[in-house]
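The values are calculated or read from the model by the stated rules, or taken from the named source; none is laboratory data. Please read all numbers here as calculations on a predicted model, not as lab measurements. Neighbour counts run over all protein chains shown; Cβ positions are idealised from the backbone, glycine included.
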Amino acid sequence: MQISLAHAARLCDAAWRARLAALMLICAIGVALCGCSRGGAPSVQSPRTVPRAVCGPGDHPETALQGQVPAPLRRPGGFAGFNCNLQLVAQSRGDGAGWQAVFFTDAAGHSCAYYDTAPTRLHRTHTGVVVMEVTDLAHPTPTNYLTSDAMYDPLESLKVSPQRSLLGAVGSVNASGGPDIELYDLAPDCRAPRLLSRPPPNRVASQDLVRADEGSFSPDGLTYYATNLHAGSIYVIDVADPARPRLLAEWDMPFNQQTSGIALSADGNRAYLTLFGHGQAAPGGLATSLDNGIVIADVSDVQSRRPHPQIRVISTLLWGDGSGSHQVMPVRIGGRSYLIASDQGGSGLTNAAGWMAACSAGLPAFGMVRIIDISDEKSPRIVSRLQLEVNDPSNCRQVIPDLTGLSGFTYDSHYCSTDDPRNATALACASFESGIRVFDIRDALHPREIAYFVPPSATVPSPGSQNTRGTPNGRPDHCSAQIRLDAATAGLMTTCQDNGFLTLKFTHGVWPFKAADE
């Protein structure tokens, strides 16, 4: 059932091409906060910021704007971190961490975490994906290191299927003989994953392979969708037999549009995709079209295993006050369907010129998170923006001096996680130099911040960190990975790149929410 590239191009049907082209024309450059849905209907949002968390006794709250680490605190070894209603319980720094963390609990009750580390760094103790037992919040313990080809550098493709007890990552997707996906069995003991799939025979040189960036299992665990950001391609892999995965389809995004994040609906019939676009602000002026946002697509052909599966676009939503649309996640809040969408860039490029262009246009310079109502999936609309004070364009003069001489990710969002996607009440987001931010989202139209943890800067290098800079210079650590919220322990687990694996505990009763608060 493998589909040729020529056939893959036909999957991008004329209807989507026409719709997306029309949308890019309809979104006028004068609408700064525009969410252009099907038919070009704007969804204009208030520029207000999310209410700040109210900290309790013993906390070390932020000293400036919400989300800000002021320049005077960025001297080498000088930043001690902030915390509000979140307290560090334990840390396993190891060699540091990379972009992604995922979690699984086996039938025996062992809880485990898995996270990547940066490849090809010197002075490493261990390489590859770290296996961490986290059954006891106070004693996270590394139990294994996965160093097979895909696990050496999985980027953000590292994912878990709870239904199939599988851990998966994609090194490449067009290897001779089949897709180069690696699948591990977690069921017997999550602390000792067992490799099920092997590299395909007659494998060609790695530099000739199409590299995967992100990915997602279907909810039933029978399909793995991989994305290639730079190629703008999606690869659909049948993993029903974990020992013999096979490529079902390749889908090329139209107009050379890039895509990164992907998620599936609970029934597996809908794919939610990011459109990894540019912001509206650019040095020298405003963009004439919008290309950043999300796509809702019908993938029922794949889910039902129809021959020559087609992937049909249902709707597209674009916005200009952000760029690098990175993650999209379906949730239900109060019985209604939403998407959580995060941008890893602001309205301009992630450098000084882009930040200044965004500020000059009155647009956010840094990426943020949005809540999108998809109760009508043909007309998705943004209902709230989780804009911190550091994202507010009116605060540019206070924020930009923090970043003199820097480029890349700074006050940008990356991955978010909820306490329960079927009935989400809390949302925890990794926000690079703004740390871990936790929000009450029971009212999707009026989210509010309830807690945060901004880790201290490194005093010695972490050789496995994606944030490694050779020598510590006081720059805040980068938090980028997904997060596990555990109501039973009032705990939180994640990684930050220099600090490694962290377990935190909510304090002052802010979460889980009491019944009287519902």
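Any idea which residue in the stretch 61-88 is farthest from residue 459 (Cα to Cα), counting only those that are of a type in the set (D, E, K, R) and surrounded by 17 or more Cβ atoms within 10 Å (Cβ to Cβ)? Applying the filter and picking the extreme gives 62. Could you say whether any residue in the stretch 114-128 is modelled with pLDDT of 95 or more and among the aliphatic types (A, V, I, L, M)? Taking every residue of the stretch 114-128 in turn, none turns out to be modelled with pLDDT of 95 or more and among the aliphatic types (A, V, I, L, M).
Criterion applied to 127, 135, 105, 141 was being free of Cβ contacts under 8 Å to residues at least 60 places away in the same chain and over 12 Å from residue 501 (Cα atoms), and the one residue passing it is 135. Within the stretch 449-464, the residues that satisfy the criterion of being part of a strand (DSSP E or B), farther than 14 Å from residue 412 by Cα and out of contact with any Asp or Glu (no Cβ under 7 Å at 6 or more places or on another chain) are 449, 451, 452, 453. Selection over the stretch 78-97 of residues that are modelled with pLDDT of 95 or more and among the aromatic types (Phe, Trp, Tyr) gives a count of 1.
Residue-wise test of (1) more than 29 Å from residue 128 (Cα to Cα); (2) assigned to a loop (DSSP other than H, G, I, E, B); (3) at pLDDT 95 or above.
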{"site": "46", "(1), (2), (3)": "yes, yes, no"}
{"site": "51", "(1), (2), (3)": "yes, yes, yes"}
{"site": "55", "(1), (2), (3)": "yes, yes, yes"}
{"site": "65", "(1), (2), (3)": "yes, yes, yes"}
{"site": "73", "(1), (2), (3)": "yes, no, no"}
{"site": "76", "(1), (2), (3)": "no, yes, no"}
{"site": "102", "(1), (2), (3)": "no, no, yes"}
{"site": "109", "(1), (2), (3)": "no, yes, yes"}
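Could you list, in sequence order, the residues of the stretch 503-518 that are over 27 Å from residue 341 (Cβ atoms) and assigned to a loop (DSSP other than H, G, I, E, B)? 507, 508, 509, 514, listed by residue number. The condition (being part of a loop (DSSP other than H, G, I, E, B), in contact (Cβ under 8 Å) with a residue 40 or more places away in the chain and of a type outside the set (A, V, I, L, M, F, W, C)) is satisfied by just one residue among 321, 241: 321.
The conditions of being over 23 Å from residue 158 (Cα atoms) and either hydrophobic (A, V, I, L, M, F, W, C) or touching a Phe, Trp or Tyr at 6+ places or on another chain (Cβ under 7 Å) (or both) are not met by residue 263. Kindly indicate whether any position in the stretch 441-448 is in a strand (DSSP E or B), modelled with pLDDT of 95 or more, under 19 Å from residue 86 (Cα atoms) and in contact with a strand residue (DSSP E or B) (Cβ under 7 Å, 6 or more places away or on another chain). Looking for residues that are in a strand (DSSP E or B), modelled with pLDDT of 95 or more, under 19 Å from residue 86 (Cα atoms) and in contact with a strand residue (DSSP E or B) (Cβ under 7 Å, 6 or more places away or on another chain), one finds at least one in the stretch 441-448, hence yes.
Apart from one condition, residue 465 fits all of (1) of a type in the set (Ser, Thr, Tyr); (2) at pLDDT 95 or above; (3) buried (at least 24 other Cβ atoms within 10 Å of the Cβ); the exception is (2).
The conditions of being surrounded by fewer than 24 Cβ atoms within 10 Å (Cβ to Cβ) and not aromatic (Phe, Trp, Tyr) are met by residue 404.
Candidates 491, 474, 500, 509: the one that is touching a Pro at 6+ places or on another chain (Cβ under 7 Å) and either surrounded by fewer than 22 Cβ atoms within 10 Å (Cβ to Cβ) or at pLDDT 95 or above (or both) is 474. If only one of 70, 61 is over 22 Å from the mean Cα position of the chain (by Cα), without any contact (Cβ under 8 Å) to a residue 60 or more places away in the chain and farther than 24 Å from residue 117 by Cβ, which one is it? After applying the criteria, what remains is 61. Filtering 399, 390 for residues that are surrounded by 21 or more Cβ atoms within 10 Å (Cβ to Cβ), of a type in the set (A, V, I, L, M), within 19 Å of residue 361 (Cβ to Cβ) and under 23 Å from the mean Cα position of the chain (by Cα) leaves a single hit, 390. Scanning the stretch 94-124 for residues that are surrounded by fewer than 17 Cβ atoms within 10 Å (Cβ to Cβ) and under 14 Å from residue 152 (Cα atoms) yields 119, 120, 124. Inspect all residues belonging to the stretch 171-185 and state whether any of them is of a type in the set (Gly, Ala, Ser) and at pLDDT 90 or above. No, every residue in the stretch 171-185 fails to be of a type in the set (Gly, Ala, Ser) and at pLDDT 90 or above. When residues in the stretch 473-502 are screened for being closer than 22 Å to residue 514 by Cβ, small (Gly, Ala, Ser) and either without any contact (Cβ under 8 Å) to a residue 24 or more places away in the chain or in a loop (DSSP other than H, G, I, E, B) (or both), 3 of them pass. Considering the conditions (1) in a loop (DSSP other than H, G, I, E, B); (2) under 15 Å from residue 410 (Cα atoms), residue 429 is excluded by exactly one of them, (1).
On the given criteria, is residue 231 out of contact with any Cys (no Cβ under 8 Å at 6 or more places or on another chain), free of Cβ contacts under 8 Å to residues at least 60 places away in the same chain and aliphatic (A, V, I, L, M)? Yes; evaluated as a whole, the condition is true for this residue.
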